[in-house]
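Read-outs throughout are calculated quantities, based only on the coordinates presented, and are distinct from any laboratory measurement. Nothing here was measured: the structure is a model prediction, and the numbers come from that model. Note: ideal-geometry Cβ built from the backbone for every residue, glycine included; neighbour counts use all protein chains shown.
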Amino acid sequence: MLWGKCLGIVAALCLLLIPATAAGAWVLTMGVAAPGDSSFPRFLAMGGAYAVYLLAIVALALGVSARAASSRVALLVLVGFWIANSLLVPRVAASVAEALHPTPSLQEFLKQVHLDLESGIDGHRPPGEREAELKQALMKKYNVTSEKDLPLNLSGYFLQQSEEFGNEIFEKRFGELSDTYGRQQLVLRAAAGVSPMLAARAFSMGMAGTDLWHHRQFAAAAEQYRRNWVKRLNDDLTYQSRTGDTSYKVGRPFWEATQDFVYQSEPFGAAASAQAWSLGILLAWLAGSTAFAFLAIRRLSGQVA
């Protein structure tokens with residue numbers, strides 16, 4: 001009876017899900033895959049995770065139906081679980097995560113960054129306060145007595161110094177913000193133990209490349225590209241012109257040698273590894289729900305006998 005009901009429910013679900021899955025696979029095949037593209041494995045993994053989630057819900061529903069005194073009681077219990085799983089727990093978990101690990105407002109964050117840029121951070125003073133020291137160090141390095149005799153442009157040099165100083169500040173403050181989001185994610189992971197939808201959603205986002213881990217990878221790659229590009233600009237001004245030269249312009253070869261930013265999505269294995277916890281929780285829910293359904297059926301069989 002258990003297997004018959006399970007197959008009946010799964011068959012009904014398949015009437016809806018198989019056409020949608022086939023359509024999604026067809027859309028993926030229509031695109032032009034880049035070298036190393038992992039879209040199709042991600043799509044299959046996402047579908048597998050949703051299948052595990054739905055099977056866990058089916059087993060849970062069958063177990064509740066077998067244990068409940070009446071169909072009305074079973075309906076009330078399952079509707080209550082649906083509300084908790086889909087609405088209550090995710091909302092409460094997000095609120096608890098924010099309460100335990102609050103994120104600063106945009107105004108507060110920008111204010112802190114501005115203060116750091118003005119006053120320094122971790123004992124480092126802004127380049128503007130160290131301008132005389134930096135000039136003296138350069139003149140000593142090149143053994144000259146006047147900044148005009150330096151074989152470089154001080155404007156470009158100080159631009160790069162300011163850039164590196166700002167990078168340190170942004171790394172610290174954005175790193176702190178990213179760590180806060182990471183701690184909030186840990187709270188949501190814990191809540192997934194009582195709400196499998198949270199685990200399914202997290203795994204789905206991971207395979208789609210829209211989770212926090214993928215955001216960090218993309219932001220790091222984009223920021224590294226920006227820093228390299230700015231450094232090339234500043235170094236070109238510094239070493240291809242001289243102090244006081246305000247007419248210097250970057251030549252065409254510079255722009256022809258500048259490569260476009262091309263981001264290669266993280267490989268499937270790395271993405272799946274980052275979401276191993278969510279898949280583990282889904283499998284635990286499936287195992288628990290299945291065991292509960294079998295025990296409920298056995299108990300019902302004993303009562304009938």
What helices (runs of 4 or more DSSP H) lie completely within the range 75-171 and have 1 or more residues being within 37 Å of the chain's Cα centre (by Cα)? 89-100, 106-119
Cβ-Cβ under 7 Å pairs, at least 6 apart or on other chains, the range 242-256 side farther than 22 Å from Y142 by Cα, far side surrounded by 10 or more Cβ atoms within 10 Å (Cβ to Cβ) and of a type in the set (S, T, Y): Y248/S241
Which is of a type in the set (K, R) and without any contact (Cβ under 8 Å) to a residue 12 or more places away in the chain, of K148, K140, K135? K140
Inspect all residues belonging to the range 176-183 and state whether any of them is within 12 Å of the chain's Cα centre (by Cα), assigned to a helix (DSSP H, G or I), within 30 Å of P90 (Cα to Cα) and touching a residue at least 40 places away in the same chain (Cβ under 8 Å). yes
Which numbered condition A296 fails, given (1) under 30 Å from F165 (Cα atoms); (2) over 29 Å from the mean Cα position of the chain (by Cα): (1)
Going through V113, V92 one at a time, which residue ends up being touching a residue at least 24 places away in the same chain (Cβ under 8 Å), within 15 Å of S195 (Cα to Cα) and touching a helix residue (DSSP H, G or I) at 6+ places or on another chain (Cβ under 9 Å)? V92
Out of (1) touching a helix residue (DSSP H, G or I) at 6+ places or on another chain (Cβ under 7 Å); (2) among the hydroxyl-bearing types (S, T, Y); (3) surrounded by fewer than 14 Cβ atoms within 10 Å (Cβ to Cβ), the odd one out for S105 is which? (1)
Just to check your reading of the model, which residue among S273, S265, S247, S278 is hydroxyl-bearing (S, T, Y) and touching a helix residue (DSSP H, G or I) at 6+ places or on another chain (Cβ under 7 Å)? S278
Given the criterion under 30 Å from W82 (Cβ atoms), among the polar types (S, T, N, Q) and surrounded by 14 or more Cβ atoms within 10 Å (Cβ to Cβ), identify the matching residue among Q275, Q217. Q275
Of everything in the range 199-231, what is farther than 16 Å from E163 by Cβ and more than 15 Å from the chain's Cα centre (by Cα)? Give them in sequence order. A200
Matching option when the condition is of a type in the set (D, E) and touching a residue at least 40 places away in the same chain (Cβ under 8 Å), among E129, E98: E98
Complete set of residues in the range 184-203 that are in a helix (DSSP H, G or I) and among the polar types (S, T, N, Q): Q184, Q185
